[in-house]
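Below is one structure, written out as structure tokens, with a few remarks after it.
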Amino acid sequence: MESLTPMPGSPQPPEHPGLRRAIDQLVGNVFYGAMLRSLRASTVKGEYGHGGRGEEVFQAQLDQIIAERAGQAQRYSLNHAIYERLALQQSRIEQQRQVDRSEQP
């Protein structure tokens with residue numbers, strides 16, 4: 001299996017802010033979003049602490065915001081590993097495109 005980090009002496013892949021934002025959203029929605037949906041599917045609702053119909057209507061939007069922010073907060077764990085892998089892959093693709101262009105007559 002290939003390492004997630006580049007070999008010593010090889011340049012670091014350039015920063016891809018769009019990729020980082022997409023990964024933050026992906027991790028937030030896939031992991032935290034699923035956890036919140038599971039939590040909300042619980043049929044246990046107490047007499048207190050339940051917001052009624054208003055909470056039911058807007059709960060999905062609130063859960064989405066919570067999941068996105070949780071994904072951004074976890075940047076230095078799973079998010080970082082996914083980002084490093086995809087950024088390295090993207091830089092290799094760009095290098096190969098440059099080689100292919102230089103070989104064309």
Among the listed residues 60, 70, 87, identify the single one that is at pLDDT 80 or above and surrounded by fewer than 14 Cβ atoms within 10 Å (Cβ to Cβ).
60
Selection count, the stretch 53-93, where residues are free of Cβ contacts under 8 Å to residues at least 24 places away in the same chain and assigned to a helix (DSSP H, G or I):
16
Counting just the residues of the stretch 18-44 that are among the polar types (S, T, N, Q) and over 14 Å from residue 78 (Cβ atoms), which one comes out modelled with the lowest pLDDT?
43
Determine, yes or no, whether residue 47 is modelled with pLDDT under 80 and of a type outside the set (A, V, I, L, M, F, W, C).
yes
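The values are calculated or read from the model by the stated rules, or taken from the named source; none is laboratory data. All values reported here derive from a predicted model rather than from experimental measurement. So basically every Cβ, Gly included, is an ideal-geometry build from the backbone, and we count neighbours across all protein chains shown.
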